[in-house]
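Below: the structure, in structure tokens.
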Amino acid sequence: MSSPPQTPERAVPPRIRAAARIALYLLLLAASAAALWTAPELVYSNRLESRSLLLLVAPVLLAVFVAGFAAYRFALVRAGQYHAGKAFVQVGFMVLVLALLLPGSLGRFRAASLPRSVDLTRQLGSRDPEARAMAAELVRHRAPADALRYVPALLSLLEDPAAEVRRQARASLVSLAGEDAGGAGPDAPRRWREFWASRGVSAAR
């Protein structure tokens, strides 16, 4: 189906078309630069923790670009200077890209905005048995995704010289596993290691 014939009153002047193309190009370039600048590896290295709003720059710029691109194409189609079908496909593709980018950007924004929990690695390896016991107890109060990284340390603490440390380590492992897979006795550490290995968690620290 052909586009409507061009009329002088509705035609977009070449000067305006050129200015619109330059503006859209600069917007797309800025969105690409912002996306590279706030890449996930930079976000999770804490470099953007105090500036998490920067994570929204790329999707916002892309949204502005898509809106501007759609308006530009609509104006050309209305003036009979561009094919409506091509414009529809192009704008649809831009909207799809935005829909794919936005959830990930918002997820990184929320992650960077949340306060980061204290790393318990040093406390779990402390020379002070009370510090080790307290750290082992704190592990089970962390979110599961965070707590699982301490499983190797907890497995090592199952053979700790201090009874309270061993008790807290076992209690945290039971909490994370949802069952007492290791039980008690001399073979408990081995059973726990086999249990976590079957779930893809290495015992190596």
Considering residues of the stretch 124-146 that are aliphatic (A, V, I, L, M) and farther than 13 Å from A171 by Cα only, the residue surrounded by the most Cβ atoms within 10 Å (Cβ to Cβ)
L124
Going by the conditions given, is A58 more than 30 Å from G85 (Cα to Cα), more than 14 Å from the chain's Cα centre (by Cα) and either modelled with pLDDT under 80 or not in a helix (DSSP H, G or I) (or both)?
no
Picked from the stretch 161-171 (must be crowded, with 18+ Cβ neighbours inside 10 Å and not polar (S, T, N, Q)), the residue farthest from R132 (Cα to Cα) is R170
When restricted to V118, V89, V77, V64, the only residue at pLDDT 85 or above and exposed (fewer than 13 other Cβ atoms within 10 Å of the Cβ) is V89
If I ask for residues that are of a type outside the set (D, E), farther than 17 Å from A133 by Cα and surrounded by 10 or more Cβ atoms within 10 Å (Cβ to Cβ), which ones from the stretch 172-183 would you list?
A177, A181, G182, G183
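The values are calculated or read from the model by the stated rules, or taken from the named source; none is laboratory data. This one's a predicted model, so the numbers in the text were calculated from it and none came from an experiment. Please note: Cβ atoms are built from the backbone with ideal geometry, for glycine as well, and neighbour counts cover all protein chains shown.
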